[in-house]
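Enquirer: Have a look at the structure that comes next, please.
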Amino acid sequence: MQIKDDELEQSLLNYAFDHKVRYKLTTELTPYAPSFTEMQTGTIVINMNWHDSAEIPFQIAHETAHVLNGDKPLYFPTEVSKSKIEIKANIRGIEILMPYYCAHRTEEYADPVQFCHFFRIPSHLFDVVDSKMKEYYGYNDIQAGMH
């Protein structure tokens, strides 16, 4: 995939807009202030000053996922509740990104390690990426039909 970062970011913002997710890009935050979602308004706020700009596409996808998942405002009775919400946003964020990586690759050339590197996906999500990539290419469907 040779899509430029700014084109990718714009495409992801278009995806958000097409799915009724509002967004605000800001340069007013510090380089280590994370992007976030204003749950009450369904608006994602993306820190364009983020210290590693290569992480911004995943941040856009992740924050978009919070809105699409219908996550509630930032009250978590337990860390487990917060963790479950974040896991679901990570999974859906990966699903949002998958077509951007796989659309121009056959299964033989798709590599979950490369996907994680390109989108700066945290290593603890590798198994999710691997599973979602197999799902994207219909690998799970093929395997299910073989039994």
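Enquirer: Once you put a point 7 Å from the Cα of residue 25 and another 7 Å from the Cα of residue 120, both along the Cβ direction, what distance in nm separates them?
Expert: Computed distance between label sites residue 25 and residue 120 equals 1.6 nm.
Enquirer: Hey, another quick one. To one decimal place, what Kirkwood hydrodynamic radius in Å is obtained for region 5-145 from all pairs of distinct Cα atoms?
Expert: Kirkwood hydrodynamic radius for region 5-145: 15.8 Å.
Enquirer: Still on this structure, please answer the following. If packing is taken as the mean number of other Cβ atoms within 10 Å per residue, what is the order of 24-32, 101-109, 55-63, 114-122, highest first?
Expert: Sorting 24-32, 101-109, 55-63, 114-122 by mean packing, highest first, produces 55-63, 114-122, 101-109, 24-32.
Enquirer: Per residue of region 60-66, what does 6.51 cos²θ - 1.76 cosθ + 1.60 with θ = phi - 60° give for ³J(HN,Hα)? Whole Hz please, x for Gly and Pro, Karplus curve as stated.
Expert: Rounded to whole hertz, the list is 4, 5, 4, 5, 4, 4, 4.
Enquirer: With n ≥ 4 as the cut-off for DSSP H runs, can you work out [θ] at 222 nm for the chain, using -39500 (n - 2.57) per run divided by the number of residues, rounded to the nearest 500?
Expert: That comes out to -16500 deg cm²/dmol.
Enquirer: Using alpha carbons only, how many degrees (0 to 90, rounded to 10) separate the axis of helix 126-136 from the longest principal axis of the chain?
Expert: Between the helix axis and the principal axis of the chain, the angle is about 60 degrees.
Each value in this text was obtained by applying a stated rule to the coordinates, not by laboratory testing. Only a predicted model underlies this, so the values are computations on that prediction, with no experimental measurement involved. Cβ atoms come from the backbone with ideal geometry, glycine included; neighbour counts cover every protein chain shown.
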